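Trainee: Mind looking over this structure? Questions follow.
Laboratory data are not the source of any read-out in this text; all were calculated from the coordinates shown. Values in this document were obtained by computation on a predicted structure and should not be read as measured data. Reconstructed Cβ throughout: ideal geometry from the backbone, glycine too, with neighbour counts over all protein chains shown.
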Amino acid sequence: MENELTLHRGRPVDPDGRIETELAVYDLLDSLQIVYDRVDHEAVFTMEACEAIDRILQPAAICKNLFLCNAQKTRFYMLMILADKKFKTKDISRQIGSPRLSFAPEEFMVRYLGITPGSVSVMGLMNDHDNQVTLLVDEDVIREEYFGCHPCINTSSLRMKCDDLLHKFLPAIHHEYTVVHL
């Protein structure tokens, strides 16, 4: 796969074959004057499948984006952690005061973020107009200059500055973030 991958600056020139949600990500990033690089690839569903993509996106910190909820399915969270870190429910639960976190059902991912499993991305928060999802960011992600994510579809990956995410993107979509330690 790696020989086929090419890094591009910004949005695709030809929008044919792109889904509306993906194009909306590019529209928002462009309107906020956020510089980003993009690589298009086959659909990926695991962190292992992203290894070749990760090499193209260097020096970006590749993040796992996990969509979580409490036991009652009344509070929802997106957790951004570095790809090589382990997620331990008890560590996060204690920090945010929410017992028994688990992976949220797909129906809530679609409802609140407009995305499907395999495409979970911080970019999906742009579709959460009622702020139903709380963003949790591991402190190690914030220390990185760049991070990588999907543009709400798992056939492309982006590299952008963490500072742009925290100080341009999130304020523009009216979301705050909570720093956690894993």
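Trainee: Taking a virtual spin label 7 Å from the Cα of Lys85 along the C-beta vector, which residues in segment 109-136 bring their backbone nitrogen under 15 Å of it?
Mentor: 122, 135-136
Trainee: Show which lysines lie in cross-link reach of Lys161 when reach means a straight Cα distance below 22 angstrom and same-chain residues fewer than eight apart are skipped.
Mentor: By straight Cα distance, Lys161 reaches Lys64, Lys85.
Trainee: Mind telling me which of Pro15, Pro99, Pro171 comes out most flexible in a GNM of the chain, alpha-carbon contacts under 10 Å?
Mentor: Among Pro15, Pro99, Pro171, the largest mean-square fluctuation in the Gaussian network model of the chain belongs to Pro15.
Trainee: Using 1/(1 + (r/R0)^6) with R0 = 25 angstrom and r between the beta carbons of His181 and Arg55, what's the FRET efficiency to the nearest 0.05?
Mentor: Working: r = 28 Å, r/R0 = 1.12.
Efficiency at R0 = 25 Å is approximately 0.35.
Trainee: Stretched out fully, how many nm does the piece from Glu145 to Arg100 gain, at 0.36 nm a residue minus the Cα gap?
Mentor: Numbers: separation 45, 0.36 × 45 = 16.20 nm, distance 3.22 nm.
Taking 0.36 nm per residue and subtracting the Cα distance, the gain is 13.0 nm.
Trainee: Also: Which loop trypsin sites (Lys or Arg not before Pro) in segment 96-182, with loop taken from DSSP, have no more than 16 other Cβ atoms within 10 angstrom of their Cβ?
Mentor: Numbers: sites: Arg100, Arg111, Arg143, Arg159, Lys161, Lys168; in loops: Arg100, Arg143.
Answer by residue number: Arg100, Arg143.
Trainee: Just the Cα atoms of the chain, one point each, no solvent: what log10 I(q)/I(0) does Debye give at q = 0.10, 0.12, 0.13 Å⁻¹?
Mentor: Treating every Cα as an identical point scatterer, log10 I(q)/I(0) equals -0.36, -0.52, -0.61.
Trainee: A follow-up question, please. What chymotrypsin sites (Phe, Trp or Tyr not before Pro) in segment 52-113 are in a loop by DSSP, with at most 16 other Cβ atoms within 10 Å of the Cβ?
Mentor: Numbers: sites: Phe67, Phe76, Tyr77, Phe87, Phe103, Phe108, Tyr112; in loops: Phe87.
Counting only loop positions with at most 16 other Cβ atoms within 10 Å, the chymotrypsin sites (Phe, Trp or Tyr not before Pro) in segment 52-113 are Phe87.
Trainee: Hey, what number do you get for the chain at 222 nm if only DSSP H runs of n ≥ 4 count, each worth -39500 (n - 2.57), divided across all residues, to the nearest 500? Walk me through the numbers before you get to the answer.
Mentor: Values: 5 runs with 39 residues, N = 182.
That calculation yields -5500 deg cm²/dmol at 222 nm.
Trainee: Quick check: the distance between the Cα centres of segment 10-66 and segment 103-133, to the nearest angstrom?
Mentor: About 17 Å separates the Cα centre of segment 10-66 from the one of segment 103-133.
Trainee: Relative contact order (percent) for the chain, with alpha-carbon contacts under 8 angstrom and 6 or more residues of separation?
Mentor: 27 percent.
Trainee: Run through segment 1-88 and list the GluC sites (Glu not before Pro) located in a DSSP loop whose Cβ has at most 13 other Cβ atoms within 10 Å.
Mentor: Working: sites: Glu2, Glu4, Glu20, Glu22, Glu42, Glu48, Glu51; in loops: Glu42.
Filter output for segment 1-88: Glu42.
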